[in-house]
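Right, one structure below, let's go through it.
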Amino acid sequence: MAVLVLADHDNASLRESTAKAVTAAVLLGGDVHILVAGLNCAPAADAAAKIDGVAKVLHAESPRYEHMLPEPLAVLISSLGPSYDALLAPSTTTGKNVMPRVAALLDVMQISDMMNVLAPDTFERPIYAGNVIETVRSRDAKKVITVRVTAFQAAGQGGQASVELLDAVDTPEISTFVSEELSRSERPELTSARIVLSGGRALQSRENFTKYIDPVAERLHAAVGASRAAVDAGYAPNDWQVGQTGKIVAPEIYIAVGISGAIQHLAGMKDSKVIVAINKDPDAPIFQVADYGLVADLYTALPELETELARIGI
Amino acid sequence: MKILVPIKRVVDFNAKVHVKADGTGVELSNLKMSINPFDEIAVEEAVRLKERGVATDVVCVSIGPAQSEDVIRTGLAMGATRGILVTFDGELEPLAVAKALKAVADDEKPDMIFLGKQAIDYDCDQTGQMLAALLGWPQGTFASKVEVDGSDVVVTREVDGGHQTVRLKLPAIVTADLRLNQPRYASLPNIMKAKRMPIDKKPIESLISDTAPRLEILKMAEPPHRKAGVKVASVAELVSKLRTEAGVL
């Protein structure tokens, strides 16, 4: 048995989600290979070779792979299909975009957002926004899987896999990359941060996120998230949204400020280790899942929190 | 230009689902069913293109039991021009859905197919991408902006960390994300008019022969529930508990 993992990277570096998918791949058993497809992506390929448990890195270079567009990439991955029993990718927007296309080319029904390996053909995955967990056994000879990255620890470092160059596969150019606007932040990335501080509609404006959330996030080295209500109201950018339709996070501490706790928000954060809720409404549903609840007005509680953290030297 | 919009009838997003006592499935009787919210956004986008004169024909297609006619009528009331119901009783997996939709597309020859990015029941997020693969078309998934430009469509996509814009040659697939648009409420006259519009019905067997699931569902269960913790009286107490009791600060 051999398993191929599609690396998530930006050519210069490898995203942590790749090492998490490797952990899932190891659980399937057999040799684990990583495919790094991009342009000038040797640094990412080298980083992939150092992940524990990886036997080989396949490194494909082409301008067509630079932005990981699914049309050429799915053809490349499916061409490797015959050598593998399972093809995995982290369930990031890239993995979710590419892998179903691969699955259809291989005539396989994909297992989306896989969160637990019970056997090499039997898996758990969340449905109904995480309100139900289904156990499925795949009848397909080959498995195509996207891996819920919050459910797996990142594989360690210290591997010494060989890197093998792979030829690009020629495909018709039906899609082209135009542009990308990625938010630049000094803060840790939302899905891999140890602490996440999220604000809800109660923040009332973009300025209040900056004024009240940012100083506390700064002190905690926390990533900043937001509820769908806050994003819809324009107080926070789209990619901050935590929830069923946004990012799924599972940090060590999740602090929800001014968030009532709609089901769709809970679906995105309820696997966090410790949940803290600050809300002035004592009946807010968020308190039903919070380990520590503080009924308070965020406009006084957040400055107090910053002062308190400073006092104890955090 | 013709736009095909596949839509699914799912449990309403406000309904709370429960697993059956024997763990074989989800209890759906007596739950309100509606058009999948992401599909509703896809319909809205197609109808807007029709209103701007870019599209002439917006065809809603649903695969499911006879009651799926309701969601097709929802689409017609929003402004879709025609409806197709592919009848099938039971759960059809995204791969089979994509194959059936390919057969519909081969027949209808649309210039674009708009779908919701995922259905909120099984949360698979696969059908649009699979259909694109089967047709050999480009795909713009998780779209937050769609602009037709001559023989191309320019799609802005919501990706981890921001946005990506791609240019796709038509025909193309677009899957709708949450912020593509705000779907309209259909007016009463349009709802009444939609009730009288004919819907083309065909059994799934006329499109694909293999509907057998590839994934055998062994069990369904509710995840362990988190228990509510404690209320703290002050910020100082909160910080102290996070340090000493939870040991996370």
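The values are calculated or read from the model by the stated rules, or taken from the named source; none is laboratory data. Note that the coordinates shown come from a computational prediction; the quantities given were computed from them, not determined experimentally. A quick note on method: Cβ atoms are made from the backbone with ideal geometry, for glycine too, and the neighbour counts reach across all protein chains shown.
Miscellaneous remarks
- When region A:174-183 is filtered for residues that are part of a loop (DSSP other than H, G, I, E, B) and modelled with pLDDT of 95 or more, only A:Ile174 remains.
- Where strands (runs of 3 or more DSSP E) sit wholly within region B:189-234, those with at least 3 residues that are at pLDDT 95 or above and not β-branched (Val, Ile, Thr) occupy B:199-203, B:215-221.
- Inclusion of A:Ala155 among residues that are modelled with pLDDT of 95 or more and over 19 Å from the mean Cα position of the chain (by Cα) is not warranted.
- Qualifying residue in region B:94-115 (condition: part of a loop (DSSP other than H, G, I, E, B), modelled with pLDDT of 95 or more, within 11 Å of chain A (Cβ to nearest Cβ) and surrounded by fewer than 24 Cβ atoms within 10 Å (Cβ to Cβ)): no
- Applying the set (1) part of a loop (DSSP other than H, G, I, E, B); (2) at negative phi; (3) modelled with pLDDT of 95 or more to B:Glu91 leaves exactly one unmet item: (3).
- Options A:Ile278, A:Ile255, A:Ile286, A:Ile314: the member that is assigned to a loop (DSSP other than H, G, I, E, B) and either under 15 Å from A:Val216 (Cβ atoms) or of a type in the set (Val, Ile, Thr) (or both): A:Ile314
- Among residues of region A:127-144, those that are buried (at least 21 other Cβ atoms within 10 Å of the Cβ) and at the interface with another protein chain (Cβ under 7 Å from one of its Cβ atoms), counted: 7
- Among the residues of region A:281-314, those identified as β-branched (Val, Ile, Thr) and buried (at least 16 other Cβ atoms within 10 Å of the Cβ) are A:Ile286, A:Val289, A:Val295.
- Residue satisfying all of: in region B:134-155; closer than 30 Å to A:Gly225 by Cβ and hydroxyl-bearing (Ser, Thr, Tyr); nearest to the other protein chains (Cβ to nearest Cβ) among these: B:Thr141
- For the condition crowded, with 17+ Cβ neighbours inside 10 Å, among the aliphatic types (A, V, I, L, M) and either touching a strand residue (DSSP E or B) at 6+ places or on another chain (Cβ under 8 Å) or farther than 21 Å from A:Ala47 by Cα (or both), A:Ala226 qualifies.
- Where A:Val98 falls short, out of the listed (1) assigned by TED's automatic domain parsing to the domain that holds A:Leu35; (2) touching a Phe, Trp or Tyr at 6+ places or on another chain (Cβ under 8 Å): (2)
- Residue pairs meeting the criteria (Cβ under 6 Å; at least 6 apart or on separate chains; first more than 8 Å from chain A (Cβ to nearest Cβ) and closer than 10 Å to B:Ser144 by Cβ, in region B:156-177; second among the charged types (D, E, K, R) and part of a strand (DSSP E or B)): B:Thr156/B:Lys145
- Candidate set from region A:270-293 (those that are at the interface with another protein chain (Cβ under 9 Å from one of its Cβ atoms) and β-branched (Val, Ile, Thr)); member that is nearest to A:Gly130 (Cα to Cα): A:Val289
- Scan of region A:16-28 for residues that are surrounded by fewer than 23 Cβ atoms within 10 Å (Cβ to Cβ) and closer than 14 Å to A:Ile51 by Cα, ordered by number: A:Glu16, A:Thr23, A:Val26
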